[in-house]
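Enquirer: Before we start, here is the structure in question, set down as C-alpha cells.
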Amino acid sequence: MNTFDLSDNPVRELNQHLHGAVTGKVVVSNAGGKHSVAVGATGAHEVEINGNVGYYCAGMNCDANIQVNGHAGPGLAENMMSGRVHVSGNASQYCAATAHGGLVVIDGDASSRCGISMKGVDIVVKGSVGHMSAFMAQKGHLVVCGDAGEALGDSIYEAQLYVGGKVESLGADCEEKEMRAEHKETLQSLLDAAGINDMTVDDFKRYGSARKLYHFNIDNASSY
C-alpha cells in the first residue's frame, strides 16, 4: 500500500504515481481542498482520499476506483473514461462533465450542470441536483434520487434521466418518457451498483429527448 499525505507531499507526486504501470491500494490523507487530486489515474488503482477536494478531482480517470471521504469541488470526474468515483459528501458544479464512461456515485447533493455534455458515463446522485443538469447530455444515465432543478435535460440527445423526486422544470426538447421493462432493468442495476436499497424503480420517472431539435425547424426557432 502506498500513502500520500498532501500536507507534506505535492499533488503532482501522487498523480505521477497514479499514471504509472504499478497499481494497488493508495491512501491519501489531509486532502485539504487541494485541486486536481488523482487526475489522470491509469489502471486499476484503489484510491482512498480522506478529506475534501477542490477542482477536477479524478478528472480523466481511466479504470481506477476512487473513493473521496468528504466533499468535492467543481469538475469532479470531468472527462472520465472508465472506472468508478464515489464521493461520500456533496459535489459542486458540472460533476462528470463530458465523461465518456464509468460510474460516478454522489452520496449527497450535486450542484448545477451535473452531467453536462455527458457522453456515456453513468451518474447516481442520492440527493438532489441543481439547474441545467444533463444539459446537452449525449449518452449514458443520470439517476437522481432527490429533486432536480430548473431546465433538466436542456437540449438533451440520447442520455436517459431518472428522477425520484420533483423536477422544477424541463429544458428544451426534454420530456417525460414511458418507463418500460428494459428501463426498469437498467435503473435497478444502477441502484444496485450505488448501494441504494431504500428506493425501488417504481419511485422514479424517466426523462429523455423529444427529438425535435435534431434538425433545424423554423417552427421551433424560439427553442434554439
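Throughout, read-outs are computed from the coordinates displayed, never taken from laboratory work. If you're wondering where the values come from, they're calculated on a predicted model, not measured in any experiment. For neighbour counting, all protein chains shown are included, and Cβ atoms are generated from backbone atoms with ideal geometry for every residue, glycine included.
Enquirer: Determine which lysines satisfy two conditions relative to Lys34: a Cα distance under 18 Å, and not lying fewer than 8 residues away in the same chain.
Expert: Within reach: none.
Enquirer: Then there's this: Towards the positive end of the charge dipole of the stretch 2-223, with charges on Cβ (+1 Lys, Arg; -1 Asp, Glu), say which of Leu170, His19, Ile106 has the farthest Cα.
Expert: Selected residue: His19.
Enquirer: Let me ask something else about it. The chain: D in µm²/s via Stokes-Einstein (Kirkwood Rh, Cα pairs, 10 °C, 1.306 mPa s)?
Expert: Values: Rh = 17.4 Å.
D, rounded to a whole number, is 91 µm²/s.
Enquirer: Could you state the angle between the C-alpha long axis of helix 181-193 and the longest principal axis of the C-alpha atoms of the chain, as a value from 0 to 90 degrees rounded to the nearest 10?
Expert: 20
Enquirer: Next question, about the same structure. Would you list, by chain and number, the lysines whose Cα falls below 28 Å from the Cα of Lys177, excluding same-chain residues fewer than 8 positions away?
Expert: Counting by Cα, and skipping residues close in sequence, Lys177 has these lysines nearby: Lys119, Lys126, Lys139, Lys166, Lys205, Lys212.
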